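Derivation of every value follows stated rules applied to the coordinates shown; laboratory data play no part. All values reported here derive from a predicted model rather than from experimental measurement. Neighbour counts are summed over all protein chains in view; Cβ atoms, including those assigned to glycine, are modelled from backbone coordinates with ideal geometry.
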Amino acid sequence: MRLFSVFLYFLCCATEGKAADTAGIFETLFYYYAYRIELSAFPDQGDRMIAWGCVPTTGTVCTFYEFVQAVRDPGTTAIDIDAANTILPPVEDADTTFADMRFVGTYELASLYRDAGRLNHVKLLGTITNRVQQAREQITVDSELLSNAKKGLELAQAMRWTENLVKTQASFHERYPGVTLYETEEKLDSVTIKVIDWVKTAEVQASRSNSKATALQTRYKKWGSTTPGSEYRHHQNILRAFTMNRNVLNAVPSCRA
């Protein structure tokens with residue numbers, strides 16, 4: 001039995017560790033709305049891939065709580081709260097809305113996606129995004145469902161950056177005490193991604209010391225490219241994956257991740 005957590009680091013293979021605590025609920029909502037989109041295009045259970053084993057108590061669509069129950073690791077729990085007993089869970093402020101649910105974000109991968117094989121985090125995001133695109137090729141997808149799926153990815157990306165920057169700053173301080181990391185934005189197609197602004201970080205520190213900004217920039221960037229900065233680089237790869245999948249969902253249905 002293979003488990004998957006939106007909180008854990010997954011790039012090449014599963015490893016232990018907690019990553020984005022708040023981002024997890026937004027990523028879960030992306031998966032839920034992807035499930036709803038797929039269900040609208042492929043209603044037969046035999047054709048479904050996302051949360052394929054989820055069977056609603058009433059009606060034809062699993063509530064958000066039923067979805068979580070169907071895909072979570074059996075060794076974890078998710079508290080049944082009124083806010084989760086809906087087929088249109090709010091994405092904005094979801095970290096507050098679903099806090100009492102206490103879902104730790106650990107999934108049984110085979111329950112989240114049929115025949116998942118050895119998908120890592122990045123590949124899972126792409127596979128589910130592509131399934132949404134397949135659904136869009138079959139039918140005109142409800143605009144609210146698609147919008148909520150996109151919003152889930154957008155907020156998961158934002159939360160991951162915020163949480164990762166705090167952890168990266170703490171790790172950076174172990175080598176360079178008192179140096180503040182600054183952020184900037186890069187554009188990937190139509191979507192922006194935040195990264196560390198090594199130039200500004202070096203320039204600000206140079207103004208406070210006798211060091212040259214160019215020398216500091218080289219030193220700081222080297223830190224980011226070596227083992228101490230591996231967590232930052234890993235999360236940047238995941239953030240780029242979020243960005244790529246958001247771009248795919250903004251494109252025509254035939255576009256794939």
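Couple of notes before you dig in:
- Two-site label geometry, Cys255 and Ser143: point separation in nm, points 7 Å out along Cα→Cβ: 1.8
- The mean of 1/r over all distinct Cα pairs in segment 80-185, once inverted, gives the Kirkwood hydrodynamic radius of 17.1 Å.
- Cβ charges +1 (Lys, Arg) and -1 (Asp, Glu), total dipole of segment 3-156, debye: 460
- Peptides 170-178, 24-32, 193-201, 212-220 ordered by average Cβ neighbours within 10 Å, highest first: 24-32, 193-201, 212-220, 170-178
- Filter on Lys123/Lys222; Lys151/Lys222; Lys167/Lys221; Lys167/Lys200; Lys150/Lys222 - keep pairs with C-alpha separation over 25 Å: Lys123/Lys222; Lys151/Lys222; Lys150/Lys222
- Lys/Arg +1, Asp/Glu -1 at C-beta; the chain dipole; positive extreme among Thr168, Ser40, Phe242: Thr168
- The charge dipole of segment 73-167, taken about its Cα centre with unit charges on the Cβ of Lys, Arg, Asp and Glu (plus for the first two, minus for the last two), comes to roughly 540 debye.
- Segment 21-82, dipole about Cα centre (Lys/Arg Cβ +1, Asp/Glu Cβ -1), debye to the nearest 20: 100
- Around the amide H of Tyr182, modelled in the peptide plane, lie the amide H atoms of Asp197, Thr201, all under 5 Å away and 5 or more residues distant in sequence or on another chain.
- Expressed in Å, the radius of gyration and Dmax of the Cα atoms of the chain are 19.9, 70.
- Length gained when the stretch Val199-Ile79 is fully extended (0.36 nm per residue, less Cα-Cα span): 38.6 nm
- When the chain is treated as a Gaussian network with alpha carbon springs shorter than 10 Å, the biggest mean-square fluctuation among Asn210, Asn130, Asn164 belongs to Asn210.
- Over all orientations, segment 160-234 has a Cα convex hull whose mean projected area works out to 5.1 square nanometres.
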